Structures are given as structure tokens and as C-alpha cells.
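Asks: My questions all concern the structure below.
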Amino acid sequence: PSKGNGKQRPKRRYTSFIITILVLLIVAAAGVWGVSQLRENRVKAEIAPYDSVYADNIFINDISISGLTPEQALSKVSSEMLQRVNSWNLALTYEGWTYYTLNYPSLGIDYSQHQIYSFLNEAWALTHTGDVFQRQQALKDRSTSPYHAYTTKKEFDEAALDQILQQIAASIYREASDAVLVQFRPDDSNPFVIQAEQSGRAIDVEATKTRILEMAGAGVGGTFELQPIMSYPAVKKEDIEKTVALRGEAITSISKDSTENRINNIRVAFSKINGTILEPGRKFSFNDVVGPRTLKTGFFEAYEQVSGNLVIGVGGGICQASTTLYQAALLSNLQILDRDIHSKPVMYTEKGQDATVFLSRDHEIDFVFKNTTPGRIYITASVMKGSSSKNLISKIRFYGEALEEGTVYRLHSVEDEVLKSEEIVYIPDKYQQYTVYEDETKLAQKAVDGYLVSTYLRKYVNGNLLEEKLVSRDRYNPTPAQYWQGTTKR
């Protein structure tokens, strides 16, 4: 028996060891399970707040839906997108006109309800798929990697904006144009019609697009005043005005005693002069422009001065037209080429300031001047009422290159000498109207003094006499006294 007992002890010890190991394994497994369960419960508690809502850092169209249920998220995103799309607009204006009003849809920024559903589901699955530990990790990932989804492309549709701006640019575009003289209307108080210059303008589409996209991106709406690039003409209205400025004006009074025929002769002559445009360097001949003075050419019979005597002739009175023209040419500082005075001073102007004309088949007295300016000379001529409605005047104006600023010309005549006639002329009284016998005389016409006259052209600048030059020295011969003398001897 003692031998048998000795063989069983090792076997018992081995069994006991195995049992102990099993117990320890069970205890260890239970511990591990318990710890795991505790960890899982802790994670569950950690992610529990997000079981029915979206995790942090979830954005759709930059709209945060964190902490919202799917229904709340759908409502918020849809509402804000609708408000965002409809609330922004930008009116493109220029000089009071609105050319186009932009909104987000016109720039390609719109939203799709179908895409919202899709992204909401995708965002939900990110933190609501997998076991608790996967969900926990997904939540942690959002802190460093936010979720962004866009229901449409985030960038603006630049091609659409390009097309809009190109159309606007075409309607605003304008080439620069110079001012031009459109018409010369000699009968108007302001005889020149000038088309003003226009500045050019062009829209810089690229620069404008960049600025609009910046405003759209920042949500800045309202009004955008387009700023075209301006270009400017070479010739402005004021430049044209300087070429048609009033250079000189002459006025002579028409006597109240003038007959209608005489006045009409001045009008006819003026009708041929009025509206004349004299090119630079060209000559103006009174006789060439006015032409022959005949009844067929529209002139009338009236008194005229011939060799110091008043006689009836066709065209009587046109010397007042030539005189007025002469003075206007002088006061415009033009060159006088040909001019003669009357044999006697005339009543309608000062001595030394008249210009006589005559035209027949065998004899001609002309008045000629030359345009010595660099531009055209425009002439207006008219008979009109003077300061008193009862008086008429003849008036001629010369327009052309402007004189120096503040410059005007004035005529000044001086009687250098009075010429007396000592000669007596006897007229035979053949019909014994005034005298009978040879030793009887009767005054027919008193002697008329003659004159030596110097005429000067004075230049004034800002009211100050700056220059004076001699224009002419004229001699009006005296007229001897005339007596009737009888023809019968006693």
C-alpha cells in the first residue's frame, strides 16, 4: 500500500495546477471583458450626444449643421441657401443707366435640393457608421479635418460674367471724336453751328470682372458704377471757336433821308457779300463779288456821287456797302490791296474812312483786300435797325482766327489840313434864269473846303493803346464857288 500511495501524488498536483490555471484564465478573461465593457460604455457615453445629430465641423455650402438633426439640417441649409441666392444682387450702372443686375444664379452660384439630400446623408454616415470606436475616431477626425460639401461649384462662372460684361462694354464703347464746324449761318446772331467733341470710352472687361467677383465673393451688393477708360479728342469745341472768333465789326448809319431805292441797293450788295468764306491767302474784290450794278442784276436807281456831284444812277448807295466792308477789313487787321476815296467826304462816315467803288465797261474803281490770316475769314453783312428803331444801320462782321486775347482795333482819323479854294467858276446863264447882263452874277454854289486827312489803325490790348500805324493819307480836293453870269452886253 505504501508503494501505491507514492505513485498518485504527482498526478493530483498536476490536476490541481491545471484547475488553477483555468481559474486564472477565466478570471483574467472576465477582467478583460469587464475592462472592455467599461471602455465601450465610456465611448458610448462620449459619442451619445451625437447619436441623433450631426457632429462638429460639418458644413454644407459653408453652412454649419453641427448639433442639428437631419430634419433641422435640411431646413437650415435649404432656408439659408434660398435666402443667400435671392438676397444678393449687384446693379451695373453708368451715368444713370442700369445695364444689368447680377445675382448669384447669373454667376453660376445656385443650389440643388437633391444634392442637399445627398450631402446630408454622406455627412451623417461619416460619424454614424461602424462600431462605437470607429464613430469615436470619426468624431475626432472632424476636429482636424472638417467636412465641407457644396451643392454646386464654389467658383463663379466667369464665362457667363464675361458674356454679360462684353455686351455692356459694346453698348458703352465710343470712339473719341473731334469737334467740327458743322455749318455757317450768316443770318443768325450766332452764325456758327459747332458739333462738340466727344470723349472716347471703353470698359476694361478683365479689371471690371475681377472687382465684381471680389464683391460677389464678399457678399457686397448694391450698385456698381462702371468706370470706363476715357480717351480724349485732339480738337475741342473751344479750339474751333478760336478759329471763328469775331475779329472785327463795322457799322455805318443810314441817313433818315435815304430813299428806299438807296437802302435796297445796300441790301442787294450785302446779299452778295453775306456768307462769304475767304480762304487764307485769297483776295476779296468788291466788284467781282457784287458784280455789275444794273436793273437786271437787282439794283435800283438812286442818287450817287460822281465827280463830286450827286446824280441818279443804278446802284446808288452801294459805296456805303463798300465803305462798311473796308472798315471791317481794317478792324480785322487784314491787308488792304486797293482802295479809293470819294471826291468829297461822305455823310455816313468820318473823313479818311470811306471806300468808293465803280464798275462800267470802260472804267473801274474797286475795293480789294486779302486774307492774311492762317485761317478762313467768314463775313456777315446786313441792314438792320439801329439803337433807335427809326434808324437803320449797315453792319458787317468778320470772323476767323481769334485776335490776341484782349485785343481790339480802332480807327482814328486826323484832319491835317483844310484846303481852301480861291478859284471861282462862272456858269453862263443862257436862259436868263438868274442873271441877264455880263456884269451880273449870282451865287450858284458855295465853295467847299477840301481836306488832307491821315487815318491810323490803333491796337488796344486790355484797354491800353499799344500800337498805332498809318493806314492812309487822303486828299479831298476843295470845290470852287460857282456863280451864274449873264450873257447879254449892256
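Asks: Peptides 106-115, 241-250: what's the order by average Cβ count within 10 Å, highest mean first?
Replies: 241-250, 106-115
Asks: Can you give me the C-alpha center-to-center distance between region 427-481 and region 204-236, rounded to a whole angstrom?
Replies: Rounded to whole Å, the Cα centres lie 79 Å apart.
Asks: Can I get the semi-axes of region 82-220's equivalent ellipsoid? Compute them from the C-alpha gyration tensor as square roots of 5 times the eigenvalues, in angstrom, largest first.
Replies: 59, 13, 10
Asks: Here is a further query. Each label point is 7 Å from the Cα along the Cα-to-Cβ direction; what then is the distance between the points at Ala196 and Lys140, in nm?
Replies: Result for the modelled spin labels: 7.6 nm.
Asks: Expressed as cubic angstrom per residue, what is the convex hull volume of the alpha carbon set of region 6-129?
Replies: Details: hull volume 16.3 nm³, N = 124.
Convex hull of Cα atoms, per residue: 132 Å³.
Asks: Tell me the net charge near Ser343. Cut-off is 14 Å between Cβ atoms, Ser343 excluded, with +1 for each Lys or Arg and -1 for each Asp or Glu. Please report the intermediate quantities before stating the final value.
Replies: Values: positive: Lys344, Lys351, Arg475; negative: Glu304, Asp340, Asp354, Asp449, Asp474.
Taking every Cβ under 14 Å from that of Ser343, the sum is -2.
Asks: Still on this structure, please answer the following. Compare the peptides 263-274, 291-302 by average per-residue count of other Cβ atoms within 10 angstrom and give them in order, highest first.
Replies: Packing proxy ranking, top to bottom: 263-274, 291-302.
Asks: Among [x] 23.3; [y] 25.4; [z] 34.1, which is the computed Kirkwood radius over Cα pairs in Å?
Replies: [z]
Asks: Please report, in Å, the Rg and the Dmax of region 248-403, where both are computed over Cα atoms only.
Replies: 14.7, 43
Asks: Now for a separate question. At what distance in angstrom do the alpha carbon centres of region 82-161 and region 354-395 lie from each other?
Replies: Cα centroid of region 82-161 versus Cα centroid of region 354-395: 84 Å apart.
Asks: By Kyte-Doolittle mean hydropathy of at least -0.5 and Cα axial length of at least 30 Å, which whole DSSP H helices of the chain are selected?
Replies: Helices meeting the criterion: 2-47.
Asks: Work out the length of the dipole vector of region 407-490 about its Cα centre, built from +1 on the beta-carbon of each Lys and Arg and -1 on the beta-carbon of each Asp and Glu, and round it to the nearest 20 debye. Could the numbers behind the result be given before it?
Replies: Values: 12 positive and 13 negative charges, 54 e Å.
Taking the Cα centre of region 407-490 as origin, the dipole is about 260 debye.
Asks: Would you list Tyr54, Tyr104, Tyr232 from fewest to most Cβ contacts within 10 Å? List each step's numbers first, then the result.
Replies: Working: Tyr54 26, Tyr104 21, Tyr232 10.
In increasing order of surrounding Cβ atoms, one gets Tyr232, Tyr104, Tyr54.
Asks: Over the Cα atoms of region 358-402, what radius of gyration and what Dmax do you get, in Å?
Replies: Rg, Dmax (Cα atoms, Å): 15.7, 42.
Asks: Follow-up question, since we're still on this one. Sorted from fewest to most neighbouring beta carbons within 10 Å, what does the list Val453, Val357 look like?
Replies: Values: Val453 21, Val357 25.
Ordered from fewest to most neighbouring Cβ atoms within 10 Å, Val453, Val357 come out as Val453, Val357.
Asks: With respect to the cross-link table entries Lys296/Lys351; Lys385/Lys469; Lys385/Lys446; Lys272/Lys385; Lys446/Lys469; Lys236/Lys469, which display a Cα-Cα separation exceeding 29 Å? Please report the intermediate quantities before stating the final value.
Replies: Details: Lys296/Lys351 33 Å; Lys385/Lys469 33 Å; Lys385/Lys446 35 Å; Lys272/Lys385 20 Å; Lys446/Lys469 36 Å; Lys236/Lys469 35 Å.
Going by Cα-Cα distance, Lys296/Lys351; Lys385/Lys469; Lys385/Lys446; Lys446/Lys469; Lys236/Lys469 fall outside the 29 Å limit.
Asks: What does the charge dipole of the chain about its Cα centre add up to, to the nearest 20 debye, if the Cβ of each Lys and Arg holds +1 and the Cβ of each Asp and Glu holds -1?
Replies: Dipole of the chain, to the nearest 20 debye: 2900 debye.
Asks: Moving on. Where does each of Thr98, Thr276 land when they are ranked from fewest to most other beta-carbon atoms within 10 angstrom?
Replies: Thr98, Thr276
Asks: While we're looking at this one, here's another question. Under 18 Å Cα-Cα from Lys442, which aspartates and glutamates qualify once same-chain neighbours fewer than 8 residues away are excluded?
Replies: Partners within reach: Glu422, Glu423, Asp429.
Asks: Per-residue ellipticity at 222 nm for the chain, helices alone: DSSP H runs ≥ 4 residues times -39500 (n - 2.57), over residue total, nearest 500 deg cm²/dmol?
Replies: Only helices count here, giving -11000 deg cm²/dmol.
Asks: Would you please give the FRET efficiency between Val43 and Val235, computed as 1/(1 + (r/R0)^6) with r the Cβ-Cβ distance and R0 = 56 Å, to the nearest 0.05?
Replies: 0.05
Asks: What do you get for Rg/Rh of region 407-490 when both radii come from the Cα atoms and Rh is the Kirkwood radius?
Replies: 1.39
Bear in mind that the values in this text are calculations on the coordinates, not laboratory data. Since the model is a prediction, treat every value here as computed from it, not as a measurement. Cβ coordinates were reconstructed from backbone atoms using ideal geometry, including for glycine residues, and neighbour counts include every protein chain displayed.
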